[in-house]
Each structure stands twice: as C-alpha cells, then as structure tokens.
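The structure appears below as structure tokens.
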Amino acid sequence: MPYAPSPDGTRLYYEEAGAGHPVLFIHEFAGDHLSWEPQLCHFARRYRCIAYNARGYPPSDVPEDADAYSQAHAVADAIAVLDHLGIERAHVVGLSMGGFATIHIGLTHPARTSALVVAGCGYGAPKDARTGFQRETHAVADRLEREGAGPVGNDYALGPTRVQFQAKDPRGWATFRDRLADHSAKGTANTLRGVQSRRPSLYDLEDGLAALTVPTLLITGDEDEPCLDANLYLKRTIRTAGLLVIPKSGHTINLEEPDAFNQGCADFFAQVENGRWGARDPRSLSGTSIIRADRDE
C-alpha cells in the first residue's frame with residue numbers, strides 16, 4: 001500500500017490516478033478517499049488526481065492520543081502528501097472538514113496551491129453557535145467510543161443535511177452509510193475532539209481571508225443550512241472567490257450531485273488555467289444598487 005509520512009511519523013494512505021496538473025482531494029469527516037471516486041473517475045482523464053485518508057481513517061494510521069489531531073495537523077498532512085509525491089503546486093479540493101483544511105492551506109501555504117475548491121464548509125463557524133457545535137461533537141465522540149462506528153454512522157448518515165442524498169439516490173447513500181460504519185471509532189472520535197471542536201471560527205480568520213489571492217471556488221447545497229451564511233461570508237471576504245449553490249441539495253454534495261459538482265470544478269479549473277479567474281471587480285462594491293457610482297458630473 002502507498003503511504004506518505006507526515007511530519008510526526010503518522011502514515012497517510014493515498015491513491016492516485018491520471019496524469020497532468022495535480023489535483024489533491026481532501027475528504028470530509030464522514031468520508032475517506034473512496035468518497036472522491038466520482039471525481040477521480042472524471043478528472044483523471046486530464047489531471048493527476050490524488051486522494052488520501054486523513055489520520056484516524058484506516059488504512060492511514062490511527063494515533064491513540066487526541067492531541068495528535070488538530071487543524072494544524074490536517075494542514076501539515078496535506079502538505080506532506082504533496083511533498084512525498086514531489087508536487088510543487090496543486091489544485092486543492094476539500095469537502096466540509098476537508099474544506100476547512102483547504103482554506104487553511106490557502107492561508108498558510110498559498111505558494112503550494114494553484115486553485116482552491118472549498119465545498120460544504122461552515123459547520124460550527126458562527127461564533128454564537130460554537131458552544132453548541134462543540135457540545136455536539138463531544139457527544140458524538142463519546143457515543144463512538146461507547147457504541148462503535150456502526151450505530152453512530154447510521155444516525156450520522158441520516159442527519160438533516162444528509163437525507164437529501166438518501167432521497168435522491170438511496171443506493172449511493174447506502175454505500176456512503178456502509179463505508180461510514182466501517183470507520184475507526186477511535187480515529188473518528190479523536191478527529192471530532194481534536195479537529196472539529198477545536199478549529200478556529202471562519203470569522204476569526206477574516207484578515208487572512210481578505211488577503212487571500214488564490215483563485216477560490218465555494219460550493220454548497222442550498223439545503224445545507226449550517227453552510228449557507230458562512231459561504232456568503234466567505235464570498236464577500238475572499239476577493240478571488242466565486243460561489244456555486246446547487247439547488248435542492250445537502251452536505252454530501254460531491255456524491256449527491258456529482259455531475260454538477262464536477263462541471264463546476266471543471267469550469268473553474270479551465271478559467272484559472274487560462275488566467276480568466278481574477279479578483280472581484282471593485283465597481284461591483286460601489287454601494288449603489290442599480291447605477292454606476294463613479295461617473296464624473
């Protein structure tokens with residue numbers, strides 16, 4: 001099995017397909033490298049695609065100590081995969097937990113990124129919701145250690161932003177649920193405690209986000225309630241961001257609507273690679289609603 005070593009020695013399992021400009025895929029909490037299969041099948045036709053399992057997700061190593069899991073570790077692990085493969089710059093695509101990691105990679109290692117796709121990002125971001133979010137993550141972590149990944153995974157897969165996937169594609173949703181039930185209870189519990197509950201609020205990153213110049217595509221489903229306001233905030237704060245909202249859709253957006261997700265990413269990549277994805281035109285921020293504000297009298 002191919003592994004990339006992280007700075008602290010944790011081994012990260014990865015798979016790759018295709019050739020061309022690299023695209024690194026970073027999975028969500030409820031996913032793993034297999035969650036990106038519809039994207040690898042599509043983009044490997046013209047890109048070098050890499051998907052890996054975060055620490056805590058076998059066959060990657062599962063550190064026993066929750067302190068071995070954090071947002072900083074998640075960023076360092078992604079960079080370690082790029083380093084191991086000799087990749088200088090890549091398009092980075094992340095969903096949810098992976099979307100948070102993608103943002104932080106753009107903030108801390110912009111020279112390693114050529115484009116950022118930040119999908120389903122926003123859970124626990126509002127400051128007034130952080131206490132409740134942290135309480136919920138710790139409660140789920142406790143259940144994982146008490147009951148195991150199977151029962152908890154089934155309930156997680158039926159969350160309010162996952163049922164859209166079940167309603168549209170019961171077979172695909174069942175595969176997602178079954179994979180989730182096979183995850184390491186210890187690894188996912190530690191991920192909840194070390195990464196999810198401790199990561200900083202997006203609203204605390206405003207200065208860095210406002211200075212970010214890497215081309216960025218934000219993607220969210222319109223029924224992914226915890227992400228809607230956060231994505232509007234990100235769109236308004238990141239000068240190089242565009243926002244794609246997919247209708248009648250929830251959180252597991254790359255699996256729930258793979259064609260729309262892939263098309264959105266493909267169009268974005270093409271514009272970036274042709275130098276056509278720039279910062280927002282400042283004239284669109286003039287403060288007027290329907291007529292130009294800068295005409296000389």
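The values are calculated or read from the model by the stated rules, or taken from the named source; none is laboratory data. What you see is a predicted model, and the numbers here were worked out from it, not measured in a lab. For neighbour counting, all protein chains shown are included, and Cβ atoms are generated from backbone atoms with ideal geometry for every residue, glycine included. Just the protein is used for accessible areas: all its heavy atoms, side chains included, with ligands, DNA and RNA removed. Shrake-Rupley method; radii C 1.70, N 1.55, O 1.52, S 1.80 Å.
Once a ≥ b ≥ c are taken as the square roots of the eigenvalues of the Cα gyration tensor of the stretch 129-210, is the result rounded (a/c under 1.5), prolate (a/b larger than b/c) or oblate (a/b not larger than b/c)?
Here the stretch 129-210 falls in the oblate category.
The slack between R130 and D67, meaning 0.36 nm per residue of separation minus the straight C-alpha distance, is 20.7 nm. On the basis of the beta-carbon distance and an R0 of 25 Å, T213 and R46 show a calculated FRET efficiency of 0.50. Classify the stretch 215-297: rounded, prolate or oblate, from the alpha-carbon gyration tensor (a ≥ b ≥ c, eigenvalue square roots; a/c under 1.5 rounded; otherwise prolate if a/b is larger than b/c)? It is oblate, given that a/c is not under 1.5 and a/b is not larger than b/c.
For the peptides 256-262, 77-83, the ranking by mean Cβ contacts within 10 Å, running from highest to lowest, is 77-83, 256-262.
In the chain, helices alone account for a calculated mean residue ellipticity at 222 nm of -12500 deg cm²/dmol, with every DSSP H run of four or more residues adding -39,500 (n - 2.57).
The calculated FRET efficiency for D8 paired with S201, based on their beta-carbon distance and R0 = 22 Å, is about 0.30.
Share of carbon and sulfur in the accessible area of the chain stands at 51%, probe radius 1.4 Å. Here the chain is treated with +1 on each Lys and Arg Cβ and -1 on each Asp and Glu Cβ, and its dipole about the Cα centre works out to around 380 debye.
Whole number please: convex hull volume per residue of the Cα set in the stretch 61-111, in Å³?
Looking at the stretch 61-111, the number lands at 83 Å³ per residue.
Modelled this way, with points 7 Å down the Cα-to-C-beta line, the labels at E145 and R171 are 4.0 nm from one another.
For N274 paired with R89, estimate the spin-label separation in nm (one decimal), with each label point 7 Å from Cα along the Cα-to-Cβ line. The modelled label-to-label distance comes out at 1.9 nm. Label-to-label distance for D267 and V163 is 3.1 nm, based on points extended 7 Å past Cα in the beta-carbon direction. As a length-normalised measure over Cα pairs under 8 Å and 6 or more apart, the relative contact order of the chain settles at 18 percent. Phi angles across the stretch 42-55 convert, under the Karplus curve 6.51 cos²θ - 1.76 cosθ + 1.60 with θ = phi - 60°, into 3J(HN,Hα) values of 7, 7, 5, 5, 9, 10, 8, 9, 10, 10, 9, 8, 4, 4 Hz, Gly and Pro given as x. Here the peptides 156-165, 275-284, 219-228 are ranked by packing, the mean other Cβ count within 10 Å, and the order with the highest first is 219-228, 156-165, 275-284. Think of a 1.4 Å ball rolled over the protein heavy atoms: the stretch 157-297 then has 51 Å² of accessible area per residue.
Sorted on the mean count of surrounding Cβ atoms within 10 Å across their residues, most packed first, peptides 202-213, 240-251, 182-193 read 182-193, 240-251, 202-213.
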